[in-house]
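Everything on this sheet refers to the single structure shown next.
The values are calculated or read from the model by the stated rules, or taken from the named source; none is laboratory data. From a predicted model like this one, the values you see are computed outputs, not experimental measurements. Reconstructed Cβ throughout: ideal geometry from the backbone, glycine too, with neighbour counts over all protein chains shown. Just so you know, the surface numbers come from the protein's heavy atoms only, side chains and all, with ligands and any DNA or RNA stripped out. Shrake-Rupley method; radii C 1.70, N 1.55, O 1.52, S 1.80 Å.
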Amino acid sequence: MNDKPIKLIDKKGIRLDGRKADELRPLKLQVGVLSNADGSAYIEHGKNKILAAAFGPREMHPKHLALADRMVLRCRYHMAPFSVQERKSPAPSRREVELSKVIREALEPALFLELYPRTGVDVFIEVLQADGGTRCASITAAALAIADAGVPMRDLVVACAAGKVDDKVVLDLHDEEDKLGAADVPVAYMPSLDAITLLQMDGILTPNEFQQAVEIAMSGCKKIYEMQKEALKTKYMVVKDIEEKEEEEVEE
Amino acid sequence: MSSLITRVRLKQISQHIENGKRLDERGLHDYRPIKIEQGIIEKAEGSARIYMGKTEVLVGVKVETGEPFPDTPNEGVQTVNAELVPLASPDFEPGPPDENSIELARIVDRGLRESHAIDTGKLCVEAGKKVFVVFVDVYVLNHDGNLIDASALAALAALMNTKLPNYEYKNGELKIKQGFTQLPMKSHPITVTIVKINNQLVIDPQLEEEKVMDSRISIAVNEQGNICAVQKGGSSYFTPQQILEASKLAQAKAAELRKKFNW
Amino acid sequence: MPTYFEKKQLVLPGELLAEGDYLPGENTYLEENKIYAQRIGLVDLDNKRVNMVALRAFYVPKVGDIVIGTVTEVGFNGWTVNIKSPYTAMLRASDVLSRPFKPQNDELSTVLNAGDLIVAKIATYDRAHDPQLTVGEPGLGKITRGQILNVVPTKIPRVIGRKGSMISMIKQETNCQIILGLNGIVLVTGKTLEDEELAINVIKKIEQESHTSGLTDRITQMLKENKVNVEEP
């Protein structure tokens, strides 16, 4: 790391991509993008491009995986071979297996698993392009897909990372900051219930910096939460627009 | 992972904890007795076995030479693998590693890697061509809960016990000489897992307690008391306040263990 | 104690709806004296109960419900039926044959085959067991003609209307027989294709605009206008 003395933040506190410390990358969220899935969503977060689809609740296959007293959530986080600089083998890596697990455990707290025993919900996440923070963007999109499938939820789950770059705690690391920075703290959060559902960290932080990173990540989550709600509303407000249009026609 | 425990038992555990008590009379923040033996596998460059209550984990370290990663041509390589061996629990099945063993390996790996435990800079034989590769293999022999803390401690103990053969490097040929040197280490991270049961934070859960836990968080702490890896698991959540408490608890318990083992 | 919504407002999962002295109705949940939304839907207050009509939901079986399903498998002593629900339904051979069923004599696929459509009633269902269907009542059984339409299950009550007013008006004006499966599948059978299409369009309109005021008037008008169009030439 020492042979690359790149300054990630300049004297004015501006980062390589022109952002301030507490600024998010541009986000775009869309709900209901795949017609075969029961629910789906697409997210662009920085250069991340990720699709998420939810199926179910439905009968579990294979059947022996079903649980008598609760619904099973299954998640598959997968990166497309062309999503990164060097082609990634399409076979699931250990990283993808771990991420599939922590993403599932980030979404489970939002579901009423006991409501539909013996069934399963499958969430498939495909990272089409990766740009640092894919697990967070995946969770944000997956929560939308589950809501879009009509599965009852306690709250939407939204995720965002904070990290330490050039001795400063900043929000929403991009690829380069993720690789060269001193620490990365992804957080998933249910804002209405003030509940943290995913928390990981690598790097080295003092206890104070760690606390600060969690807080700044949560503030990022709250901002993305508003966009998440907006994206859901956009799909389901269409009905209301029709109504308004009709009323205008009557007036004319 | 589902050896069935009766509902009555689960309720009993959960009520105990609500009242600040545990099945084995420990306090909520106490570890079970821990015993570590080092150097028990002669053929391995390093090894350690830990007993944490009835949980038993063996870690073996093998050192071989290999190629460095292209982005770190001057550094040795660390790889961690974990096996949930079928003899350790009726719930473990033979076969390729499942998500639980992969997660366990990656948590142990991250704790060591992020704290720079192994001084990989000193493991380079020829830059870009040949470095030492340190294989850390975590072998769970008996599962009675808290595999993460037990495995991380055993891995550290095994690395501290690891010896590198003396060698001579000439014209691209590595010649082993007499004697050994200690594996160079820069840091000694200790991972503490805190589980949430009935809204109480509990340290070192036994297997039965893990069955009633809502969620867990594992925090690796280095000598300076800084945090170097975190992993939340389990299908429930933590409040921000609980995260703060957990991180303080992790620091206190890590310091305690460090003192106990004189690390 | 406040509520935090306007009548028929669009709300999302996790949205705080009311606090204090209210009751959680459909598609909402209670936590620490607060009522939150569980789904995407339109919220309303019925006395002290906070109710929500979900805009997106799936069908959960209830004993006594009339449903329409597709036979997906002919088994050894009955049929597997897809009722567009998280749970697959079973129809027993003995229920259809209304006499003792003998596996060696009765070829079940001649009675009902994979791909057949049936109207049936949920006979039994609970958390531990998949739903069992029955067709042993008048009006139930194999469907041989007509057109099928899928509707969000939570919108079926709006298609029925107050005391069945909406559905009887549609039936009368279009001359169609209509069976509403509570699982969101609707069967329309009319004398002509035009009649069936009109009925289907009307039901689609109700589904889309179920939450708007003056819907009944608009539907009445739509039925009148379109009927004239058909009769003109």
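Just to be sure before I move on: is C:Pro153 under 24 Å from A:Val121 (Cα atoms), open to solvent by less than 60 Å² (accessible area, probe 1.4 Å) and touching a Pro at 6+ places or on another chain (Cβ under 6 Å) in the structure I sent?
On the way: under 24 Å from A:Val121 (Cα atoms): yes; open to solvent by less than 60 Å² (accessible area, probe 1.4 Å): yes; touching a Pro at 6+ places or on another chain (Cβ under 6 Å): no.
Taking the combined requirement at face value, the residue does not satisfy it.
In region A:179-189, which residues are under 15 Å from B:Gln241 (Cβ atoms) and of a type in the set (A, V, I, L, M)? Quick ask: steps written out before the conclusion?
The initial filter retains those residues of region A:179-189 that are under 15 Å from B:Gln241 (Cβ atoms), namely A:187, A:189.
Scanning region A:179-189 gives a single hit, A:Val187.
In summary, B:Thr162 fulfils each of the numbered conditions (1) surrounded by fewer than 23 Cβ atoms within 10 Å (Cβ to Cβ); (2) more than 15 Å from the chain's Cα centre (by Cα) with the single exception of condition (1). One residue stands out in region B:37-52 among those that are surrounded by fewer than 20 Cβ atoms within 10 Å (Cβ to Cβ) and touching a residue at least 12 places away in the same chain (Cβ under 8 Å): the one that is nearest to the chain's Cα centre (by Cα), namely B:Tyr51. Applying the criterion of at least 3 residues that are touching a residue at least 40 places away in the same chain (Cβ under 8 Å) and within 11 Å of another protein chain (Cβ to nearest Cβ) to the strands (runs of 3 or more DSSP E) found wholly in region A:1-101 leaves A:48-59, A:72-79. Tallying residues that are surrounded by fewer than 19 Cβ atoms within 10 Å (Cβ to Cβ), hydrophobic (A, V, I, L, M, F, W, C) and assigned to a strand (DSSP E or B) within region A:110-128 yields 1.
Of all the residues in region B:105-128, those that are touching a Ser or Thr at 6+ places or on another chain (Cβ under 7 Å) and more than 10 Å from chain A (Cβ to nearest Cβ) number 3. Of all residues in region A:150-183, those satisfying the criterion of being farther than 30 Å from C:Pro86 by Cβ, among the acidic types (Asp, Glu) and surrounded by 23 or more Cβ atoms within 10 Å (Cβ to Cβ) are A:Asp172, A:Glu177. Elements of the type strands (runs of 3 or more DSSP E) sitting completely within region B:156-263 and holding at least 1 residues that are of a type in the set (Lys, Arg) and within 14 Å of another protein chain (Cβ to nearest Cβ): these cover B:190-197, B:215-221, B:227-233. Against the conditions (1) open to solvent by 70 Å² or more (accessible area, probe 1.4 Å); (2) of a type in the set (Asp, Glu); (3) not in a loop (DSSP other than H, G, I, E, B), C:Asp95 satisfies every one except (1). Checking the structure you have, find out if any residue of region C:66-79 is assigned to a loop (DSSP other than H, G, I, E, B), of a type outside the set (A, V, I, L, M), within 30 Å of C:Lys204 (Cβ to Cβ) and open to solvent by 30 Å² or more (accessible area, probe 1.4 Å). So far as region C:66-79 goes, no, none of its residues is assigned to a loop (DSSP other than H, G, I, E, B), of a type outside the set (A, V, I, L, M), within 30 Å of C:Lys204 (Cβ to Cβ) and open to solvent by 30 Å² or more (accessible area, probe 1.4 Å).
Is it fair to say B:Glu93 is open to solvent by 30 Å² or more (accessible area, probe 1.4 Å), over 26 Å from B:Gln38 (Cβ atoms) and assigned to a loop (DSSP other than H, G, I, E, B)? I'd like the intermediate steps shown before the answer.
Numbers: open to solvent by 30 Å² or more (accessible area, probe 1.4 Å): yes; over 26 Å from B:Gln38 (Cβ atoms): yes; assigned to a loop (DSSP other than H, G, I, E, B): yes.
So B:Glu93 passes the test.
Assess whether C:Val63 counts as being part of a loop (DSSP other than H, G, I, E, B) and either within 14 Å of chain A (Cβ to nearest Cβ) or of a type outside the set (Gly, Ala, Ser) (or both). Yes.
Out of C:Gly214, C:Gly146, report the one residue that is within 14 Å of chain A (Cβ to nearest Cβ) and on the phi > 0 side of the Ramachandran plot. Please lay out each step first, then the result.
Numbers: C:Gly146 fails: within 14 Å of chain A (Cβ to nearest Cβ).
So the residue among C:Gly214, C:Gly146 that is within 14 Å of chain A (Cβ to nearest Cβ) and on the phi > 0 side of the Ramachandran plot is C:Gly214.
Close Cβ contacts (under 8 Å, 6 or more residues apart or on different chains) running from residues in region C:188-208 that are assigned to a helix (DSSP H, G or I) to residues that are open to solvent by 30 Å² or more (accessible area, probe 1.4 Å) and of a type in the set (Gly, Ala, Ser) comprise C:Glu196/C:Gly146.
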